[in-house]
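The values are calculated or read from the model by the stated rules, or taken from the named source; none is laboratory data. On a predicted model such as this, the values are computed, not experimentally measured, just so you know. Reconstructed Cβ throughout: ideal geometry from the backbone, glycine too, with neighbour counts over all protein chains shown. For the accessible areas, the whole protein counts, side chains as well, though only heavy atoms, and no ligand, DNA or RNA atoms are used. Shrake-Rupley method; radii C 1.70, N 1.55, O 1.52, S 1.80 Å.
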Amino acid sequence: MRLEHRLILALDVVEPEAAMSVAKAVRGEVDAIKVGWALFLSGGRDIFRDIARFGYLLADLRTAEIPNTTRLIVEQVAQMGASGIITQGFVGEDSVRAAVESAGRAEVFVITEMSHPGGAEFTAPHAEEMARLAVRAGAAGIVAPATRPERVKRLREIVGTKLILAPGVGAQGGKPAEAIRAGADAVIVGRSIYESKDPRASAEAIAREIRRSRGEAF
Ligand code: BMP
């Protein structure tokens, strides 16, 4: 993933035409577009292919399966033109390895600790093990909570130079600059962009905040 803005749009817009119009609006202002189950169920393979033509499609049909089923799913996702694929870490090393091996040229990101309050119940106590697992399995990086920057900081110590993508900014209460300062490479933002009146301006504002926090000119 090429990190120019350090911002990934989570396109959780269910209506395909509306989704495409948000994708077009933020074109050039985000590094990747994450598309998940809700839009896949309404727009199918076509919408995935359309978004992939735009640039980096981060496919979030997050696998939580045994290795064989993981392989079958990930091969399908890669065929739709995904540049990145998200998988759960709690499934264990064999399943994560299956995702990495069947992803082809796509990068695999492993969810460690989830950003919502419930993420503290079962994922947080094992997040560090999942981060180690992601490194061992050859993943491109991990997903870690922008809602808990101190956890991003700790997970950064474990994953070294692997990428950390941090969701939970805006609607879930996390702050983009804090997540980046804690060690995230990019933030994943959904509602604060696609529900705003001007998605492009909202994306620009978040990217500007990140640049400022990194002391970069903008
Ligand atoms: P929003 O900015 O609207 O809260 O969206 C966050 C996005 O990141 C959603 O697509 C959600 O599924 C995803 N996500 C998350 O919020 N927390 C995680 O721990 C992992 C995720 O993939």
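Residues are listed down the side, and each one gets a yes or a no for (1) under 12 Å from the mean Cα position of the chain (by Cα); (2) at positive phi; (3) among the polar types (S, T, N, Q); (4) open to solvent by 30 Å² or more (accessible area, probe 1.4 Å):
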site	(1), (2), (3), (4)
153	no, no, no, yes
177	no, no, no, no
183	no, yes, no, no
187	yes, no, no, no
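Check every one of the helices (runs of 4 or more DSSP H) wholly within the range 32-135 and list those with 3 or more residues that are touching a residue at least 24 places away in the same chain (Cβ under 8 Å) and within 16 Å of the ligand (Cβ to nearest atom). Talk me through it step by step, then tell me what you get.
Working: elements: 37-54, 67-79, 93-102.
In the range 32-135, 37-54 are the helices (runs of 4 or more DSSP H) which contain 3 or more residues that are touching a residue at least 24 places away in the same chain (Cβ under 8 Å) and within 16 Å of the ligand (Cβ to nearest atom).
Once the range 189-204 is narrowed to residues that are open to solvent by less than 40 Å² (accessible area, probe 1.4 Å) and part of a loop (DSSP other than H, G, I, E, B), the residue that is nearest to the ligand (Cβ to nearest atom) is 190.
Taken across the range 136-144, residues that are part of a helix (DSSP H, G or I), within 15 Å of the ligand (Cβ to nearest atom) and farther than 21 Å from residue 58 by Cα do not occur at all. Among residues of the range 158-175 being of a type outside the set (A, V, I, L, M) and more than 22 Å from residue 126 (Cβ to Cβ), the one that is farthest from the ligand (Cβ to nearest atom) is 161.
Looking only at residues that are assigned to a loop (DSSP other than H, G, I, E, B) and within 14 Å of the ligand (Cβ to nearest atom) in the range 21-31, which one is surrounded by the most Cβ atoms within 10 Å (Cβ to Cβ)? Please lay out each step first, then the result.
Our first condition is that a residue be assigned to a loop (DSSP other than H, G, I, E, B); within the range 21-31, this holds for 26-31.
Among the residues that remain, those that are also within 14 Å of the ligand (Cβ to nearest atom) are: 26, 30.
Working: 26: 22, 30: 30.
In this case the residue turns out to be 30.
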